[in-house]
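The values are calculated or read from the model by the stated rules, or taken from the named source; none is laboratory data. Since the model is a prediction, treat every value here as computed from it, not as a measurement. Heads up, the Cβs are rebuilt from the backbone with ideal geometry, glycines too, and the neighbour counts pull from every protein chain shown.
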Amino acid sequence: MDMMGFVSNIGAIQAVLFIVGLALVFVEMFLPGFGVAGITGIILLIIGIIITAKTVFEALIMILILLAILGVAFFLVFRSATKGKLSKSLVLSDSINKSSGYSSVDEYKSMVGKEGIALSVLRPSGIADFDGVKLDVVTEGEYIPSGTKIKIIQVSGPRIVVREVK
């Protein structure tokens, strides 16, 4: 079968189906997930193949041609997403760090040894005040009444362990 036989089978409706179907699949490559555009594009391409192909062999050749076109497009989109202009819009370049004004619970490690007051009953967890900073704290298991002087003895992630100052 020559290529002119294929082209002569394609009418205006089939051309529109192929163009719109390919365009929707291309749009889907730029959008995250597999949504309406991709599914609609694939359906339009399948309908275009069914309407255009006169034999199963022609349908297979058309499918291979469409897969080749989509493969090249996917390669170009993937390359652009990893190295080109698209990577700048898809990949987050900002980071959350202390120099940007963000902090985490790691900053409390410097408070080990600091003394404060239990604002609530610690049985074994509660709230304490350390120089105007209110923190959720936990004891080593003992009961500490409100208003008792306490000291930070350990910080492990978000867990701040205190002990009564005697």
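For region 128-137, give me each residue that is exposed (fewer than 15 other Cβ atoms within 10 Å of the Cβ) and of a type outside the set (D, E, K, R).
If the condition is that a residue be exposed (fewer than 15 other Cβ atoms within 10 Å of the Cβ) and of a type outside the set (D, E, K, R), then 132, 133 are the ones that fit.
What is the residue count in region 22-52 for residues that are within 15 Å of residue 74 (Cα to Cα) and over 22 Å from the mean Cα position of the chain (by Cα)? Before you say what the answer is, go through the steps one by one.
Of all residues in region 22-52, those within 15 Å of residue 74 (Cα to Cα) come to 22-34, 38, 41-42.
Filter once more, keeping what is over 22 Å from the mean Cα position of the chain (by Cα): 22-24, 41-42.
Of the residues in that region, 5 qualify.
Could you give every pair whose Cβ atoms fall below 8 Å, whose first residue belongs to region 54-76 and is touching a residue at least 40 places away in the same chain (Cβ under 8 Å), and whose second residue is surrounded by 14 or more Cβ atoms within 10 Å (Cβ to Cβ) and among the β-branched types (Val, Ile, Thr), counting only separations of at least 6 or pairs across chains?
These pairs meet every condition: 58/52; 62/49; 62/52; 66/49; 70/25; 73/25.
Considering region 95-118 alone, what residues qualify as being polar (S, T, N, Q), assigned to a helix (DSSP H, G or I) and either modelled with pLDDT under 80 or not assigned by TED's automatic domain parsing to the domain that holds residue 153 (or both)?
First, the residues of region 95-118 that are polar (S, T, N, Q): 95, 97, 99-100, 103-104, 110.
Still in the list and also assigned to a helix (DSSP H, G or I): 99-100, 110.
Selection gives 99, 100.
Test residue 66 against the stated conditions and say whether it is in a helix (DSSP H, G or I), at pLDDT below 85 and in contact with a Phe, Trp or Tyr (Cβ under 9 Å, 6 or more places away or on another chain).
Working: in a helix (DSSP H, G or I): yes; at pLDDT below 85: no; in contact with a Phe, Trp or Tyr (Cβ under 9 Å, 6 or more places away or on another chain): yes.
Here the answer is no, as residue 66 does not meet what is asked.
Looking at residue 10 and the list (1) within 38 Å of the chain's Cα centre (by Cα); (2) modelled with pLDDT under 85; (3) of a type in the set (A, V, I, L, M, F, W, C), which single condition is not satisfied?
The single condition residue 10 does not satisfy is (1).
Suppose the filter is within 33 Å of the chain's Cα centre (by Cα), part of a helix (DSSP H, G or I) and either of a type in the set (Gly, Ala, Ser) or modelled with pLDDT under 90 (or both); does residue 92 pass it? Can you show your working first?
Working: within 33 Å of the chain's Cα centre (by Cα): yes; part of a helix (DSSP H, G or I): no; either of a type in the set (Gly, Ala, Ser) or modelled with pLDDT under 90 (or both): yes.
No.
Out of (1) closer than 30 Å to residue 14 by Cα; (2) at pLDDT 90 or above; (3) of a type outside the set (Val, Ile, Thr), the odd one out for residue 74 is which?
(2)
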